[in-house]
1. Can you sort Arg130, Arg96, Arg51 by 1.4 Å-probe accessible area, starting with the largest?
2. Using the Cα centre of the range 18-156 as the reference point, and only Cβ charges (+1 on K/R, -1 on D/E), how large is the resulting charge dipole? Debye, rounded to the nearest 20.
3. Just the accessible area per residue of the range 85-156, please: how many Å² with a 1.4 Å probe?
4. Considering only protein heavy atoms, with the full assembly of protein chains and a 1.4 angstrom probe, order Phe66, Phe42 by accessible area, largest first.
5. Can you give me the Cα centroid spacing of the range 75-109 and the range 113-156 in angstrom?
6. Accessible area of Ser117, 1.4 Å probe, to the nearest 10 Å²?
7. For a quick check of understanding: with a 1.4 angstrom probe and all protein chains in place, what accessible area in square angstrom does Tyr123 have, to the nearest ten?
8. Relative to a virtual label point 7 Å from the Cα of Ala102 in the Cα→beta-carbon direction, which members of the range 25-69 show backbone nitrogen distances below 18 Å?
Amino acid sequence: MPQTARSAAILLGSLGAVAAIASSAVAGAQTVQFPQTPSLFFGGLCGGNIRTWADTSPDYAGRAVFNVQAQPIQGVGSGSYPLAPLCNVDTTVAWRNLNTGAAGQWRVNVVSGIYGSILYAVYQNTGPGRIDVTVTTNNLSVPSHATFDVPAPPGH
């Protein structure tokens, strides 16, 4: 086999091995999107939707990553650029483990503009089981509800 063909074969074989390892690392990982939470925001006359979702994986069994991100907002702001408002709202993700009764919440001030917000994320020690979630804000909003499953550690 010529040197270039041999090098290409080794490279492709290595990439295949990396892909196999990477795909096995995310096997069982899940992302569950929650319904969006429409809300008014503070800092002007602003409104928009809050996206929330949970990531779970056997790699961090008994825990979930909660993610919060505002979609682009509409409205009029109070700053130097009122037609490109920058507004905020406190968002609470309250959860309860339906199997164990454990409960908790995460509160984050979401700052958003005409391009949306950054991604806010946090690990929560929910324990394994079925998790019920309610997402609310501290302004006029329509709460959203969702449920998802958190895997147990191996052997449990």
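1. On the way: Arg130 95, Arg96 115, Arg51 55 Å².
Heavy-atom accessible area, descending, gives Arg96, Arg130, Arg51.
2. Working: 5 positive and 5 negative charges, 22 e Å.
Here the range 18-156 has a charge dipole of around 100 debye.
3. Details: 3790 Å² over 72 residues.
Accessible surface, normalised per residue, equals 53 Å².
4. Values: Phe66 0, Phe42 85 Å².
Order by accessible area, largest first: Phe42, Phe66.
5. So the two Cα centres are separated by 12 Å.
6. Approximately 20 Å² of Ser117 is accessible to the 1.4 Å probe.
7. Here the residue's solvent-accessible area equals roughly 110 Å².
8. 30, 54-67
The values are calculated or read from the model by the stated rules, or taken from the named source; none is laboratory data. Nothing here was measured: the structure is a model prediction, and the numbers come from that model. Don't worry about glycine lacking a Cβ; one is built from the backbone with ideal geometry, like all the others, and counts go over all protein chains shown. Side chains included, ligands, DNA and RNA excluded: accessible areas come from the protein's heavy atoms. Shrake-Rupley method; radii C 1.70, N 1.55, O 1.52, S 1.80 Å.
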